[in-house]
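To start, the structure itself, in structure tokens.
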Amino acid sequence: MNATRVVSDGWVVAKRNVIKIKRVPEILVFVLISPIMFVLLFAFVFGGAIDAGQGLNYREFLIGGIFAQTVVFGATFTGAGLAEDMQKGIIDRFRSLPMSPSAVLVGRTTSDIIYNVLSLVIMALTGLLVGWRAREGVLDMLGGFLLLLLFAYAVSWVMAYVGLIVPSVEVINNASFIVIMPLTFVSNAFVPTKDFNSFLRPFVEWNPVSAVTQACRELFGNVPAGPVDSTAWSLQHPVLYTLLWVALILVVFVPLSIRRYRVSAAR
């Protein structure tokens, strides 16, 4: 019964967050324009300067990395949304209602899945226009998208915890940028692993963003001919490694976030 209540109340909160798009359409503009900008920027500015590998066009190599970067950045909506609700007193209103304490966090992270789905659809359409193709079939392509959403959902819980600790939209945005930028750019999202020097390469190989990017490339059929350009276990088994990260993040940050929410509610 308790689990049913969490799901029911969480869905109500999720619908509230989605309806917010109608009232603040600028949110939707950012969700849709940002992915298009990144695809076009990297495809046409850097496309001729980076060698993606034997028999592979850089634009096909690029899309998996753009997908990974965008869903990770999209997860910051969770922290920013919670911080904004706390600043405006909406969270205090939720606490006074007869609803599950977990529902606010479940609803917030669930609604951000919808934002990420919109981003992935727009990026996929833009990618098709610049030359990207999914070459391993529909099921593998859907598996790639599902893996991206699972990874983004896990990162959303990290951002939820941060949003409850630092209830300031400005601080959340700045802190997220400082952490996410190195994770996405010091990875194989935009540059092949082989092109990194010996100092950065171990970080790149075991970076979870590299794993989800490599997993998507394999599922989309966007990998160069020959073996993977790294012998690291994480990139030899990127799907499994990504799922391990998803499980670890959820096991750690779901209870941490819920506990933090209850502690702040008791004050």
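The values are calculated or read from the model by the stated rules, or taken from the named source; none is laboratory data. These numbers come from a predicted model, not from an experiment. Cβ: placed from backbone, ideal geometry, glycine included. Neighbour counts: every protein chain shown. Note: areas computed on protein heavy atoms with side chains; ligands, DNA, RNA excluded. Shrake-Rupley method; radii C 1.70, N 1.55, O 1.52, S 1.80 Å.
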Computed over the stretch 179-247: relative contact order in percent, which uses C-alpha pairs under 8 Å that are six or more apart: 32
Under the Karplus curve 6.51 cos²θ - 1.76 cosθ + 1.60, θ = phi - 60°, whole-Hz ³J(HN,Hα) for the stretch 120-127, x wherever Gly or Pro sits: 5, 4, 5, 5, 5, 5, 5, x
In Å², nearest 10: area of PHE77 left accessible to a 1.4 Å probe: 50
PHE67, PHE38, PHE203, reordered so the largest accessible area comes first (probe 1.4 Å): PHE203, PHE38, PHE67
Sites LEU40 and ARG259 - FRET efficiency at Förster radius 45 Å, r taken between beta-carbons, to 0.05: 0.60
LEU235 - accessible surface, heavy atoms, 1.4 Å probe, Å² rounded to 10: 0
Karplus-derived HN-Hα couplings along the stretch 213-220 (A = 6.51, B = -1.76, C = 1.60, θ = phi - 60°), whole Hz, x at Gly and Pro: 5, 5, 4, 5, 4, 5, 5, 7
Order of exposure, largest accessible area first, which applies to LYS88, LYS15 with probe 1.4 Å: LYS88, LYS15
Accessible area of the stretch 134-173 divided out per residue, in Å², using a probe of 1.4 angstrom: 45
